[in-house]
Amino acid sequence: MNAAARRFCWYYNVKGRVRYQTAWEWQKSLRSERMVESGRDLPDVLILLEHQPVYTLGRASSEEHLKFDLQNPPWDVHRIERGGEVTYHGPGQVVGYPIVNLRNHKKDLRWYIRSLEQVIINTLAKYDVDGTRKEGLTGVWNGEQKLAAIGLGASKWVTMHGFALNVTEDLSGFDQIVPCGIKEKSVGCLNRFAPEGNRSVLLSHHP
């Protein structure tokens with residue numbers, strides 16, 4: 001995207017831990033406004049927040065990747081309209097929900113996913129952490145550990161859902177699932193790889 005094509009973006013840095021259902025409703029409302037022709041020129045939106053513990057499954061996720069009984073889950077579970085398999089959101093993780101009208105940028109979901117990955121890679125670099133891509137997989141990695149997951153939904157070229165970056169060391173919520181359905185890989189976090197002086201800085205800037 002060149003400088004001339006850049007557009008305004010509304011940014012919401014939400015304080016406290018947010019119930020998944022609440023953030024989901026925000027996204028659906030914002031996306032609906034932008035899906036109609038009269039809303040095409042509305043600014044894009046970025047919501048950053050932390051969730052209360054929750055598991056989400058994509059529209060075609062397999063329940064085989066759950067290690068608990070769905071009738072008695074450890075936390076809330078939602079099946080939603082994104083792609084991908086099951087993941088966990090909770091404290092110590094920065095979740096970003098960009099509501100982007102790709103008609104105003106580039107109507108290419110692969111390009112959009114790669115762009116989100118690059119934003120996360122650039123963010124990690126600011127904390128002296130290497131982030132990389134893996135061929136055939138989405139998200140951002142350090143070695144064999146996945147630091148950030150990406151899962152999207154789009155309708156009429158307007159996106160919702162987004163990315164989740166693990167920051168702190170408590171990754172116990174992932175123990176109850178096969179994260180993103182990838183059995184041979186593990187999850188990691190920024191603090192595991194950041195120099196000591198940089199640890200937790202990201203969350204301290206995101207109250």
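The values are calculated or read from the model by the stated rules, or taken from the named source; none is laboratory data. Model, not experiment: these values are computed from the prediction. The protein model used for the area step is the full one, side chains on, heavy atoms only, and it has no ligands, DNA or RNA in it. Shrake-Rupley method; radii C 1.70, N 1.55, O 1.52, S 1.80 Å.
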Whenever you get a sec, compute what percent of the accessible area on the chain sits on carbon and sulfur atoms (1.4 Å probe).
50 percent
Reported to the nearest 10 Å², Ile120 has, with a 1.4 Å probe, an accessible area equal to 10 Å²
Here the gain from full extension of Ala125 to Gln71, 0.36 nm per residue of separation minus their alpha-carbon distance, amounts to 15.3 nm
Name the lysines eligible as straight-distance cross-link partners of Lys134: C-alpha to C-alpha under 17 Å, and not fewer than 8 places from it in the same chain.
Lys146, Lys183, Lys185
When ligands, DNA and RNA are left out and all protein chains stay put, how many square angstrom of accessible area per residue does the chain have with a 1.4 Å probe?
51 Å²
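So how do Asp108, Asp44 rank on accessible area, 1.4 Å probe, biggest first, that is with the largest at the start?
So, going from the largest accessible area down, we get Asp108, Asp44.
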So how long is each side of region 1-76 along the principal axes, counting just the alpha-carbon atoms, biggest first, in Å?
51, 30, 24
I need to check one value: relative contact order of the chain, counting alpha carbon pairs closer than 8 Å and at least 6 residues apart, in percent.
22 percent
Heavy atoms of Glu85: accessible area, 1.4 Å probe, square angstrom to 10
50 Å²
Descending Cα extents along the principal axes, the chain, whole Å:
45, 43, 35
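Note the full-extension length gain between Ser29 and Arg114 as 0.36 nm times their separation in residues minus their Cα-Cα distance, in nm to one decimal.
Fully extending the segment from Ser29 to Arg114 adds 28.1 nm.
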Leaving ligands, DNA and RNA out of it, work out the accessible area of Lys67 with a 1.4 Å probe and give it in Å² to the nearest 10.
130 Å²
